[in-house]
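This report refers to the structure that appears directly beneath it.
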Amino acid sequence: MTQVSEHIANSDERYVTYRTDYEELKKAQAPLWLHQLRKRAMTSFGNLGLPITREMDFPEREDWMFTNLAPIAKIPFTREYESSATDVSSEDIAPYTYGDDSWTELVFVNGCYSESLSRRPVQGPGIRVETLAEAVNGDSELLQTHLAHHAEFESTGLSALNTAFLDQGVLVHVQAGKLTEHPIHIIHVSVDRGTPTVSHPRILVVADQDSAVTVVESYFSLTDHQYYNNCVTELVTGRAATIDHYRINRESLASYHTSMTKAEQHDDSNISTFNMCMGGALTRNDTHAHLNGEHIVTRMNGIYIVNGSQHVDNHTVMDHAKPNCNSYEVYKGILDGNAHGVFNGKVFVRQDAQETDAKQLNKNLLLSPNASVDTKPQLEIFADQVKCTHGATVGQLDEDQIFYGITRGMSRAVACQLLTYGFAADLVRRLKVEAIRERLDTLFENTIKGRTDEV
Amino acid sequence: MALLEIKNLHGGIRDLEILKGIDLSINEGEVHAIMGPNGSGKSTLSKVLSGHEEYAPTSGEVIYKGQDLLDMTPEDRAKEGVFLAFQYPVEIPGVSNAYFLRTAINERRVYDGKEEMSAGDFLRHMRAKMKLVDMDEALANRPVNEDFSGGEKKRNEIFHMAVLEPTLSILDETDSGLDIDALKVVSYGINQQRSEKNAMIVITHYQRLLDYVVPDFVHVMFEGRIVKSGTKELALELEERGYDWIREETTAAG
């Protein structure tokens, strides 16, 4: 990046609220390492700005061909510092939770941790679940080792912005051989307080050797207002560790959601990510896995069900660095109205990564003539003993399937609804957490039937 | 009045006329077998009757329960009790067999002005029917026909028929691809559903099925027409002599 563009971004009027917020955050007490990390990230953001397509150069520009963040840059989003959360109750949150009292739930309102809304049952030995603030003030060695070491911010404006405001978030650490009995649910709820707010949720999950943990991130809004969530999640596995990660996006239809999920994997580990998107005016998810060991299995699944003028973009990277690893990826989209979907699935098979087995599939169902999808598989293979398959489809419902339903006595409309539901349910029934599986199944069924009643 | 009265029915797919004047009358309580060589129009007849949009009638008349069947939408035909068991059953990923059937049965009930069946009532109804076709509970909960074997798919068609209790069932080569054990199970399921209130059209290439599902009448289709009708003995004769003599007779007569 040149000095000229640095100058422009640093003095860019559009980012004035970020700079003001950053000056405020600098005044808050924090250890030196954190101050320095934020500062480096803010400098990087100053250089990069938000990724706005027409302001970018090749090759970074390629990743933003179909998603334009200019609307986000135009809005003077500000950050909330401390939230009293008196305008949010447990009953407001209940419809978006899954488990019983045994689930850990960490609740953030407009980006700020709410102790009163959270539920934190005592964790077993070797399992650490803390807010970032708690972790920073406690034993911060793990944070210093991992935080921002996986989701790099030197060339990624959104991660730079998140890291510059590194303050609110969650650390999950599972020591060797330990398993969490129930998922850790991190809940981000937004509520209208008159001004457009931005939050930068930051999650770090470290699973040591032979451990297993499930982490669920939920995003939703109690009011249909404008706000912005710019999330970064880092997932790190030790040898033979397992992380299951869920991102459930039910944001307000006036909101913006960008996320970077970065997985760093070692030998024999398993990571699965499930990415559900129904909300947001504009959503961009980047899910990257670095398969940096042998005999790794990585699964990335996702589903987007969008309507109206919603825009949802999923960019995934499956980076096979070592031999004998398997990756499986299925993303499905159901698009109605004028909705626009984007899928870009990169698979790298590095020179060392012999015997890689990588499968990728993106299937889209267009329910309206004005809905559209841009889908692109991108395979870059530098090893010669590999199996890589990919497929992408964009289309309507199958007439033979519709006719089959009709011969059983269904009206055409009902047969179409049933098939659309089946298209989504096919992916949901593979989810491991039963409570989420059942809830999403009902949610999809009701959404597709056009029912508005909450589930 | 007959349940189904087909008069001089012509039709086919796109511009191709396959049915060239079918006449057939079926009363409640009867099972009619339709046999005939490949390409004679048997499956086309089943698709025209069930209302597949690619198969259009061009002339003639079909009266079902006193109504003009060809004038009815495919949905309404099914809701009025016309059922098609597919030669190649369709897979519906993500939708369990049970959920699929409950949706279907409840749509029909609403059409009939009845209340929807509760989940519990449906489960009891379904379980009773599962016994008829020796159906595993697992198959009811799996997505419709997905990863079913060929035999399981055919058995599933008869299971659908049992659950939906149609008035007129058209079974399109339900016996194809079945081994002898599966054939017996499927035939038992079909026979259990025969009654004075309903009727069946059984389309098959082979006599084998008719050993188990004994028809009241047998018709032979050839080049889009029914060229010979008789009782079950006709099927035996076809089994013994093949279709060549029919071809010769028809050609000589034509």
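Every read-out reported here was derived from the displayed coordinates using simple, explicitly stated rules and does not represent laboratory data. Treat the numbers as computed from the prediction; the structure is a model and nothing was measured. Virtual Cβ from ideal backbone geometry, glycine too; neighbours counted across all protein chains shown.
Would you tell me the mean number of C-beta atoms belonging to other protein chains that fall within 10 Å of each C-beta in B:70-76, as a whole number?
3
Amide H contacts under 5 Å for A:Met260: A:Cys231, A:Val232, A:Thr233, A:Asp286, restricted to partners 5 or more places along the chain or on a different chain, H placed in the peptide plane at 1.01 Å from N. The simple spin-label model puts a point 7 Å past each Cα toward its Cβ; for A:Asp92 and B:Glu248 those points are separated by 8.9 nm. Along the stretch B:140-148 the Karplus relation, 6.51 cos²θ - 1.76 cosθ + 1.60 evaluated at θ = phi - 60°, assigns HN-Hα couplings of 6, 9, 7, x, 3, 6, 6, 6, 7 Hz to successive residues, with x for each Gly and Pro.
Distant-in-sequence amide contacts of B:Phe222, defined by a placed amide H-H separation under 5 Å and a gap of 5 or more residues or a different chain, comprise B:Val227.
Does the stretch B:63-160 come out rounded, prolate or oblate by the C-alpha gyration tensor, with a ≥ b ≥ c the root eigenvalues, rounded set by a/c under 1.5 and, if not, prolate when a/b is larger than b/c and oblate if not?
Judged from the Cα gyration tensor, the stretch B:63-160 comes out oblate (a/c at least 1.5, b/c at or above a/b).
About the centre of its Cα atoms, the stretch A:14-143 shows a dipole size close to 680 debye [charges on the beta carbon of Lys, Arg (+1) and Asp, Glu (-1) only; nearest 20 debye].
Take the Cβ atoms of A:Asn68 and A:Glu438, set R0 to 41 Å, and the FRET efficiency comes out at 0.65.
Between A:Gln354, B:Leu171, A:Leu179, whose Cα lies farthest towards the positive end of the dipole of the protein assembly as shown when Lys and Arg beta carbons carry +1 and Asp and Glu beta carbons carry -1, centred on the Cα centre? It is A:Leu179, whose Cα lies furthest towards the positive end. Coordinate range of the alpha-carbon atoms in the stretch A:398-455 per principal axis, descending: 35, 25, 15 Å. The residue among A:His245, A:Ser259, A:Asn270 whose Cα reaches farthest toward the positive pole of the charge dipole of the stretch A:234-275, with charges on the beta-carbon of Lys, Arg, Asp and Glu, is A:Ser259.
To the nearest ten degrees, helix B:150-164 and the longest principal axis of the Cα atoms of chain B are 80 degrees apart.
Residues whose amide H lies under 5 Å from that of B:Gly21, counting only those 5 or more places away or on a different chain, are B:Leu9, B:His10, B:Gly11; hydrogens are built 1.01 Å from N in the peptide plane. Here is the P(r) of the stretch B:1-145: all C-alpha pair distances, binned every 5 Å from 0, give 2, 8, 14, 18, 18, 14, 13, 9, 3, 0 in whole percents.
With a cut-off of 11 Å on the backbone N, the residues of the stretch A:326-352 near the modelled label site 7 Å out from A:Ile381 along Cα-Cβ are A:349.
What number comes out for the charge environment of A:Asn314, summing +1 per Lys or Arg and -1 per Asp or Glu over other residues with Cβ under 14 Å away? Walk me through the numbers before you get to the answer.
Details: positive: A:Arg247, A:Arg284, A:Lys332, A:Lys346, A:Lys363, A:Lys376; negative: A:Asp63, A:Asp286, A:Asp313, A:Glu329, A:Asp374.
Around A:Asn314, the charge tally is +1.
Ignoring the sites themselves, what is the longest stretch of chain B with no trypsin sites (Lys or Arg not before Pro) in a DSSP loop and at most 12 other beta-carbon atoms within 10 Å?
Here the longest run is B:15-113.
Once the Cα-Cα distance is subtracted from the 0.36 nm per residue extended length, the A:Glu152 to A:Arg250 segment shows a gain of 32.6 nm. Here is the tail figure for the stretch A:61-171: Cα pairs spaced more than 24 Å apart come to 43 percent of all pairs. Taking trypsin sites (Lys or Arg not before Pro) across the stretch A:376-443, the ones in a DSSP loop with at most 16 further Cβ atoms lying within 10 angstrom of their Cβ are A:Arg429, A:Arg430, A:Lys432. Rounded to 0.05, the FRET efficiency of the A:Arg120 and B:Tyr111 pair, given R0 = 41 Å and the Cβ-Cβ distance, is 0.20. Using the Cβ-Cβ distance between B:Thr58 and B:Asp211 with R0 = 30 Å, the FRET efficiency computed as 1/(1 + (r/R0)^6) comes to roughly 0.25. In the protein assembly as shown, taking the dipole from charged Cβ atoms about the Cα centre, the farthest positive-side position among A:Ala424, A:Val312, A:Val297 is held by A:Val312.
Averaged over the residues of peptide B:103-114, the number of Cβ atoms from other protein chains lying within 10 Å of each residue's Cβ is 3. Of the GluC sites (Glu not before Pro) found in the stretch A:393-455, the ones in coil according to DSSP and having at most 10 other Cβ atoms within 10 Å of their Cβ are A:Glu454. For the stretch A:123-228, the Kirkwood estimate of hydrodynamic radius, built from reciprocal distances between every pair of different alpha carbons, is 15.3 Å. Rounded is the label for chain A, because the ratio a/c of its alpha-carbon gyration tensor axes (a ≥ b ≥ c) stays below 1.5. Could you pull out the pairs from B:Lys65/B:Lys197; A:Lys449/B:Lys153; B:Lys65/B:Lys184; A:Lys322/A:Lys376; B:Lys20/B:Lys47; B:Lys42/B:Lys184 whose alpha carbons sit more than 21 Å apart here? With Cα atoms farther than 21 Å apart: A:Lys449/B:Lys153; B:Lys65/B:Lys184; A:Lys322/A:Lys376; B:Lys42/B:Lys184. For peptide A:422-433, the mean count of partner chain Cβ atoms within 10 Å of a residue's Cβ comes to 3.
Summing Cβ point charges (Lys, Arg +1; Asp, Glu -1) relative to the Cα centre of the protein assembly as shown gives a dipole of roughly 380 debye. In plain terms, the bigger the Kirkwood radius, the slower the diffusion; for chain B, with that radius from Cα pairs, at 4 °C and 1.567 mPa s, Stokes-Einstein puts D at 69 µm²/s. Think of each Lys and Arg Cβ as +1 and each Asp and Glu Cβ as -1; about the Cα centre, that makes the dipole of the stretch B:45-133 roughly 640 debye.
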